[in-house]
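I have placed the structure first, in the form of structure tokens, so that the comments after it can refer back to it.
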Amino acid sequence: MIQIIQGDITQMQVDAIVNAANTTLLGGGGVDGAIHRAAGPELLAACRQLHGCATGEAKITAGFRLPAKFVIHTPGPIWRDGTQSEAQLLQRSYANSLALAAAHDCQTVAFPSISTGVYRYPLAQAAKIALTTIRDFLATNTVVKTVTLVCFDPTTLAAYQQAYRAIV
Ligand code: AR6
């Protein structure tokens with residue numbers, strides 16, 4: 001099942017939340033900063049052990065002081081002009097995060113809107129990629145039951161709701 005809500009992903013009581021990270025995995029602004037603040041300094045210490053992550057790949061840590069059991073860290077693509085494999089890389093961020101969640105027996109997973117903040121990916125295009133990738137994953141996997149898109153602001157919420165109506 002796919003759910004689309006407006007809210008703060010750090011508050012989500014799910015098995016895993018996904019972090020829109022950068023390739024260093026050493027924290028930043030936006031949702032990354034919010035997750036590190038809420039999880040506590042143990043999260044940064046755990047991330048240091050991971051030695052970064054390539055764009056479109058995903059790595060997992062514990063959730064520490066978060067309600068979520070795990071944090072899955074994935075650097076989405078920085079939007080340039082759409083010719084730099086941005087769509088494929090964004091699709092891989094979602095697909096690799098979901099595969100990692102399933103490998104850790106997560107039944108409930110929450111995503112932020114990866115790459116549509118500081119990384120400037122056009123919102124409507126990103127929402128379509130996110131939802132089609134999640135839909136296709138849920139059609140075949142047997143572990144992950146519920147994926148929640150946690151939209152931080154009303155504009156993001158509206159874009160994901162519209163993309164959802166277009167794909168079902
Ligand atoms: N819960 C849910 N969504 C949030 C939250 C929150 N607490 N806070 C912000 N968002 P961004 P990116 C939304 O910029 O574009 C970081 O510095 C935000 O409104 O966080 O992938 C990293 O370290 C937007 O809709 O991520 C990287 O350097 C969405 O999350 C870089 O930013 C993503 O915005 C990654 O950029």
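The values are calculated or read from the model by the stated rules, or taken from the named source; none is laboratory data. As the structure is a prediction and not an experimental result, all values here were calculated from the model. Ligands, DNA and RNA are excluded from the accessible area calculation, which covers all protein heavy atoms including side chains. Shrake-Rupley method; radii C 1.70, N 1.55, O 1.52, S 1.80 Å.
Of note:
- Under Karplus coefficients 6.51, -1.76 and 1.60, residue-wise ³J(HN,Hα) of region 96-108 in Hz, glycine/proline x: 5, 5, 5, 5, 5, 4, 5, 5, 9, 6, 7, 8, 10
- Amide hydrogen neighbours beyond the local backbone of residue 121, cut-off 5 Å, H modeled: 79, 116
- Heavy atoms of the protein chains alone define the surface here; on that basis the chain has 47 Å² accessible area per residue at 1.4 Å probe size.
- Counting DSSP beta bridges with both ends in the chain, the antiparallel % (nearest 5): 20
- Hz values of 3J(HN,Hα) by residue in region 147-153 - Karplus curve (6.51, -1.76, 1.60), Gly and Pro given as x: 10, 10, 8, 9, 8, 7, 9
- Across region 33-42, coupling constants 3J(HN,Hα) worked out from phi with the 6.51/-1.76/1.60 Karplus curve, θ = phi - 60°, read x, 5, 5, 5, 4, 6, 7, x, x, 4 Hz, and Gly and Pro carry x.
- Cα centroid separation, region 1-51 to region 105-168 (Å): 16
- MRE, 222 nm, helices only [DSSP H, n ≥ 4, -39500 (n - 2.57), over the chain, to nearest 500]: -13000 deg cm²/dmol
- Long-range HN-HN contacts of residue 14 with modeled amide H, under 5 Å: 68, 69
- Near the amide H of residue 22, within less than 5 Å, lie the amide hydrogens of 27, all on another chain or at least 5 residues away, with H placed in the peptide plane.
- Calculated from the alpha-carbon coordinates, region 1-112 shows an Rg and a Dmax of 13.2, 39 Å respectively.
- Here the accessible area is traced with a 1.4 Å probe on the protein chains. For region 2-167, carbon and sulfur cover 52 percent of it.
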